[in-house]
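K.L.:
Supplied in structure tokens, the structure appears directly below.
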Amino acid sequence: MIDSGFETKSVRMELLLLVTFQAPASDVDRIMEAVVAIAPLTMGKYNSNAYQSAHGIERYRPLEGAAAGAETELRRRHGTVEVSFELPDDQALAARIVEAIFQAHSYQEPVIRIQPILASRSKGLDDRSNPNRWWNTTGDLKKAAPPVREDA
């Protein structure tokens with residue numbers, strides 16, 4: 001197991017924390033606003049970096065003491081997504097982020113996970129002539145990206 005960062009010619013692999021949470025898609029903007037108010041989620045020359053999965057189905061059954069009350073039938077909630085982002089390996093920061101997610105979330109028991117990872121960070125080398133970069137293939141990503149659909 002690799003237990004420390006390392007470098008290649010173009011990339012630094014850094015020890016970071018991967019934070020993942022599940023939520024209804026309609027909660028994500030509110031939760032992420034709370035997160036970036038604490039940590040800008042910076043990667044190189046970009047911030048607010050996170051990934052949101054496609055919509056899935058969450059399965060659960062409320063037990064005695066649940067806000068919904070005990071139920072006998074399994075619930076299936078469509079439109080649940082998973083969001084992940086990276087943080088510095090800092091327990092105090094992670095604790096603030098977890099609390100922010102919990103407070104902004106609509107669930108009584110939100111699913112929040114934190115894992116240690118190695119994550120890449122570009123060294124920012126001049127690669128303007130790299131034929132694989134988007135600016136040398138498809139052009140402007142802002143123009144090429146399809147609109148985001150929340151109902152998909």
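Just so you know, all these numbers are worked out from the coordinates, no wet-lab data involved. Model, not experiment: these values are computed from the prediction. As a convention, Cβ positions derive from the backbone with ideal geometry for all residues, glycine included, and neighbour counts pool all protein chains shown.
K.L.:
Quick check on the range 54-126: take the gyration tensor over C-alpha atoms, sort the square-rooted eigenvalues as a ≥ b ≥ c, and tell me if it's rounded (a/c under 1.5), prolate or oblate.
P.N.:
Numbers: a/c = 3.57, a/b = 2.03, b/c = 1.76.
Verdict is prolate for the range 54-126.
K.L.:
If we count other beta carbons within 10 Å of each Cβ, what is the order of His105, His78, fewest first?
P.N.:
Details: His105 21, His78 10.
Ordered from fewest to most neighbouring Cβ atoms within 10 Å, His105, His78 come out as His78, His105.
K.L.:
Determine the gain in length on full extension of the stretch Gln108-Ala94; use 0.36 nm per residue of separation and subtract their C-alpha separation, reporting nm with one decimal. List each step's numbers first, then the result.
P.N.:
On the way: separation 14, 0.36 × 14 = 5.04 nm, distance 1.99 nm.
Between Gln108 and Ala94, full extension yields an extra 3.1 nm.
K.L.:
For the chain, take every pair of Cα atoms, bin their distances at 10 Å starting from 0, and report each bin as a whole percent.
P.N.:
Reading the bins upward from 0: 9, 30, 31, 22, 6, 2, 0.
K.L.:
Now for a separate question. Want the number for Arg59 to Thr72: 0.36 nm per residue separation, take away the alpha-carbon distance, what's left?
P.N.:
Working: separation 13, 0.36 × 13 = 4.68 nm, distance 1.32 nm.
Between Arg59 and Thr72, full extension yields an extra 3.4 nm.
K.L.:
Next up: Which value in nm describes the separation of the simple spin-label points at Arg12 and Ser84, placed 7 Å from the Cα toward the beta carbon?
P.N.:
2.2
K.L.:
As I understand it, the value is the acute angle between the Cα axis of helix 91-104 and the longest principal axis of the Cα atoms of the chain; what does it come to in degrees, rounded to 10?
P.N.:
The answer is roughly 50 degrees.
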